[in-house]
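Chemist: Dropping the structure in here first, questions after.
What follows draws every value from the coordinates through simple rules; no lab data is involved. Keep in mind that what you see is a predicted model, and the values were worked out from it rather than measured. Backbone-built Cβ (ideal geometry, glycine too); neighbour counts: all protein chains shown.
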Amino acid sequence: MKTKKAQPPDPWKDVIATEERLLLRNWDLIRSRGDEILSRPDWYFVRSASFYFLMAYISGSGPLTLGEMTLLWQTEDGRGRCPDCQGVVFLFRAGGSPLTGNHWIHGICPNCRSHVEWMRPTPFALNVAAPIMRAKSQSEKFAARFRCSGSSDLDLYDVILAMGGRVPLVDRIRRSWPTVPQDTRGGMILGGEHFELDIEL
């Protein structure tokens, strides 16, 4: 009988899963405070492990801010259709290759509380990458307008608590969780390891 070697737990997946549960729990509140998110630098530049964009060959990969996500969610480019309940799915992260067109998009459906992965008609650069890059380009303008550094000392939990949202006590113990820095190769460092998109799907 064959035995399968036990794999160590992936703490990064746990981080993302926990933050997605937190977002679903407070989704209506977060969406209702969109204008405030777009007017407060300390909220706009908050980063989450769940929000990122990966693009092969071209610079621009990295984490996305709560403000950038809010801009995306306000447009059709940041939304999809849930295959289970036909509700609206909101984009959380995406990645792909502008050369092959291979790509993936992940999001959540607040209506049936499901995680959805989907694709859009090619070309990837036009239908996926361009809208995300447009949202990212607003951050530099936002930082200049408010004369801020383009970063925030807060995290997603701080913002939700400030909004009056619900954060279970067990989820507040997160200070030792990894951050999502962008490295010099245009990829991301997840849990101390360089992470790049596998574009050969």
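Chemist: Among 124, 53, which comes first, second and so on when ranked by fewest other beta-carbon atoms within 10 Å?
Modeler: Ranking 124, 53 by Cβ neighbours within 10 Å, fewest first, gives 53, 124.
Chemist: Kindly write out, for segment 59-64 in residue order, the coupling ³J(HN,Hα) from the Karplus curve 6.51 cos²θ - 1.76 cosθ + 1.60 (θ = phi - 60°), rounded to whole Hz, with x marking Gly and Pro.
Modeler: 5, x, 5, x, x, 10
Chemist: Please report how far the C-alpha centroid of segment 74-109 lies from that of segment 25-42, rounded to the nearest whole angstrom.
Modeler: When both Cα centres are located, 21 Å separates them.
Chemist: Moving to a separate point now. Starting from the amide H of residue 114, placed 1.01 Å from N in the peptide plane, find each other amide H under 5 Å away whose residue is 5 or more places distant or on another chain.
Modeler: Long-range HN contacts for residue 114: 109.
Chemist: Each residue of segment 91-102 in order: what ³J(HN,Hα) in whole Hz does its phi give by Karplus 6.51 cos²θ - 1.76 cosθ + 1.60, θ = phi - 60°, with x for Gly and Pro?
Modeler: For segment 91-102, the Karplus curve yields 4, 10, 7, 7, x, x, 10, x, 8, 8, x, 4 Hz.
Chemist: Next question. Based on the mean of other beta carbon atoms within 10 Å per residue, what is the order of 144-156, 28-40, 103-115, most packed first?
Modeler: Per-residue Cβ counts within 10 Å, averaged per peptide and sorted highest first, yield 103-115, 28-40, 144-156.
Chemist: Could I ask something else about it? Check residue 92: other-chain or 5+ apart residues with amide H under 5 Å from its amide H, H built from backbone geometry?
Modeler: For residue 92, whose amide H was placed from the backbone, the distant partners under 5 Å are 106, 107, 108.
Chemist: Right, something else. In whole Hz and in residue order, list the ³J(HN,Hα) couplings for segment 71-82 that follow from phi through the Karplus curve 6.51 cos²θ - 1.76 cosθ + 1.60, θ = phi - 60°; x for Gly and Pro.
Modeler: 4, 5, 5, 7, 10, 5, 5, x, 9, x, 10, 6
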